[in-house]
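To keep things clear, I will list the structure first and then write my remarks on it.
The values are calculated or read from the model by the stated rules, or taken from the named source; none is laboratory data. Keep in mind that what you see is a predicted model, and the values were worked out from it rather than measured. Here the Cβ is made from the backbone with ideal geometry for all residues, glycine too, and neighbour counts use every protein chain on show. In case anyone asks, the SASA skips ligands and DNA or RNA and just uses the protein heavy atoms, side chains included. Shrake-Rupley method; radii C 1.70, N 1.55, O 1.52, S 1.80 Å.
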Amino acid sequence: MKIISVVGARPNFMKIAPFIKATETFNAKLEANSSQLVAHLLVHTGQHYDDRMSKAFFESLGIPEADINLGIGSGSHAEQVGNTMIAFEKVLLEEKPDWVVVVGDVNATLACSVTAKKLHIKVCHIEAGLRSGDETMPEEINRLVTDRLSDLLLIPDQLSGENLRREGVPENKIKFVGNIMIDTLESNREAASKLKIRNIIKNNLLDSSFSPLGGTKGGRASREKEAKPEINDIIQNNLLDTDSAQAFVPMQGDEGTSVPGGGKANNGYAILTMHRPSNVDEKEILSPILSFLTDEVAVDMPVIWPIHPRTQSRLKEFGLWEQAKACDNLILLHPIGYHEMLRLNMQATIMLTDSGGLQEECCVLGTPCLTLRWNTERPVTLKEHGGASVLVGNNIERIREEYQTALKLNRTPQRPELWDGQTAMRCVEAIVNYPSTGSFTSLGNR
Ligand code: UD1
């Protein structure tokens, strides 16, 4: 059986890494001439191309180099999707796979599922059934179209199954496998826990003039001595230097255990990530959020902000970049790697984010999370479903209120059903065992 799996943008990489490993583990159990052997090819559409947005994830997650890179790059949605379809069609005609596996909800997911389906190639969507109900989000369009076309819809939670059934997707196409992102979290949490927070900050500082390592000679001691005082003070004063501190690393079985959160007495630090067009593309929305950060959160604790390229461009375009840079307690970083973010998340007092993946990781790690959106396609991560996240949109009053509440919360890790680190193998088995007729219900679907 020949499978082509597709990645395009950063959030795809943590989903495909365990899938590729699972195909290898699956093959290792078979005889060399077994008809079930999976021949796997990885296609990167090239939507994300910066080293920090792409290559770094391949290296740290052990993803083999893509067999084919379509080199699509940036552009409007129509350009990205159209160019991907044209290039991917040639790959499919040449390679003739049995299946195309797409993950998540980025433009590559949509473009490649449509292209495959038009060539009568079976499509499997990992992370199917998520719905925000907000069709102004490009990702929602991508999810709707991909799920409508897919032959096999692998869902991360039961709520996603309900969405699909409501839309009339036949039962025999739906299979509950759990959340593949959590496979990656589980297999990397130990490595991440060994990273030192001060090193993550120093190695990823966006403004090198702010860096304590900039332009110095000699050993560590002399470098520290010549460092600008601000960043070292911030690190020392807010327990960021955790060389001797114990990272909170909840392991499986710890779920529901409540441990003291940071709170104001022991401020710790906040993490911020923001890249959705709805938050960053309009000055009237971005500017008050930035002011809330500089004037309120950064007064309580350092805010570590790995900045997405889109957000950085918008801040500059709107004349807000200097305000961000002038705030000592706003620590501006380049986009950081998977392990680095996981490590920061393990000990953060609070997360402010519009990322879907971080909502899920906060749920499993128990980090109080303010989701800077009015809706989410991942309701299982919300407090009302036992998760750690609360929707705050971009209304400053609401953000402030929930921020104050979150500071008083304890860290309470949760583990939704089948978020057990074993999802990738269930995905591979679902594809290999896909019945040509009949349904998964008769094969014991849950
Ligand atoms: C895309 C996904 C989004 C995902 C996000 C994670 C879609 C519709 N959106 O949004 O779901 O949450 O990735 O990052 O697929 N850029 C660079 N270097 C890069 C890539 C992009 O500088 O390697 C800049 C370009 O100026 C580009 C902008 O970032 O125009 C936005 O990139 P794009 O791929 O269009 O969408 P994202 O906002 O990253």
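Values computed for the structure shown
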| item | result |
| --- | --- |
| Estimated distance in nm for a label pair at Arg398 and Asn27, the labels positioned 7 Å out from Cα along Cα-to-Cβ | 4.8 nm |
| Percent accessible area from carbon and sulfur atoms, segment 339-390, protein chains only, probe 1.4 Å | 53 percent |
| Cα-centred dipole magnitude for segment 62-104, charges only on beta-carbon of K, R (+1) and D, E (-1), debye, nearest 20 | 100 debye |
| Filter on Lys90/Lys122; Lys21/Lys383; Lys90/Lys175; Lys55/Lys175; Lys55/Lys202 - keep pairs with C-alpha separation over 23 Å | Lys21/Lys383; Lys90/Lys175; Lys55/Lys175 |
| Ranked packing of 271-284, 23-36, most packed first, by mean Cβ within 10 Å | 271-284, 23-36 |
| Computed magnitude of the charge dipole of segment 337-395 (debye, nearest 20; Cβ of K, R +1, Cβ of D, E -1) | 100 debye |
| Surface per residue (accessible, 1.4 Å probe) for segment 323-446, Å² | 34 Å² |
| Highest-first arrangement of 397-403, 327-333, where packing means the average Cβ count within 10 Å | 327-333, 397-403 |
| Cβ crowding within 10 Å averaged over residues, with 165-171, 150-156 ranked highest first | 150-156, 165-171 |
| Shape category assigned to segment 48-136 from the gyration tensor of Cα positions, a/c cut at 1.5 | rounded |
| Tyr49 - accessible surface, heavy atoms, 1.4 Å probe, Å² rounded to 10 | 130 Å² |
